[in-house]
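Below is one structure, written out as structure tokens; comments come after it.
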Amino acid sequence: MSFLPLITLAVTLAVTPQLQRETVDGIRNYTKVDATVGCAGATDPKAMAAIAKFGYKAVLNLREASEEGAQIPESQAAAEAAGLQFIHVPFKGSAPDPAVVDEFLKVVANTANQPLFINCGSANRVGALWLVKRMMVDKWEQGRAVEEAKAIGLSSAALEKFALDYVAKHR
């Protein structure tokens with residue numbers, strides 16, 4: 001009997017992120033990363049009450065106000081009505097700005113914002129910024145961080161490259 005498959009499985013489990021993917025009305029691609037962070041794509045303002053019930057204290061919205069369906073003012077009003085802090089840091093996926101990454105890292109690090117719900121349109125931008133956070137703050141190795149970012153929603157090779165270039169320049 002070979003023990004190699006058991007050893008391989010143990011290594012895989014240690015490296016593979018244990019994300020909780022959940023289906024919630026009004027929230028696209030919701031993933032609970034850990035006790036302090038949830039990530040998602042498009043989030044209907046009506047879902048803010050559910051987000052508050054999940055125990056989140058703040059919502060970090062990465063959508064640009066000009067995006068179709070972004071509903072920034074409505075989301076902010078609904079978040080505040082649900083007792084959530086609403087933080088808007090627009091991140092343009094087609095022309096990513098390193099200053100947005102800097103702001104993202106500050107917001108995520110602020111314990112007053114935790115537990116924090118982070119969203120954009122599809123979770124692609126959330127995944128890219130989370131990749132940076134995992135490598136810069138949590139000191140994860142690249143493969144593990146990329147795997148988790150893709151599980152969250154990172155699908156753009158250009159955003160993945162942007163995130164990895166940011167890490168390389170700021171380490």
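Laboratory data are not the source of any read-out in this text; all were calculated from the coordinates shown. Worth saying up front: this structure is predicted, and the values here are computed from it rather than measured. Using ideal geometry, Cβ is built from the backbone for each residue, glycine included, and neighbour counts are taken over all protein chains shown.
What to note about this one:
- Sequence-distant residues sharing a close amide H with Gln85 (under 5 Å, placed H): Ala58, Val59
- Approximate spin-label separation Glu67-Ala81, in nm, with each point projected 7 Å along Cα-to-Cβ: 2.2 nm
- Among the GluC sites (Glu not before Pro) in the range 30-102, those located in a DSSP loop and surrounded by at most 12 other Cβ atoms within 10 Å of their own Cβ are Glu68.
- Where (i) 16.4, 51; (ii) 15.2, 49; (iii) 16.5, 62 are the candidate values, the label of the one calculated here for Rg and Dmax of the Cα atoms in Å is (iii).
- If R0 is 25 Å, the Cβ-Cβ spacing of Ala158 and Lys46 corresponds to a FRET efficiency of close to 0.20.
- With neighbours defined as other Cβ atoms within 10 Å of a residue's Cβ, the residues Ile51, Ile72, Ile118 order from fewest to most as Ile72, Ile51, Ile118.
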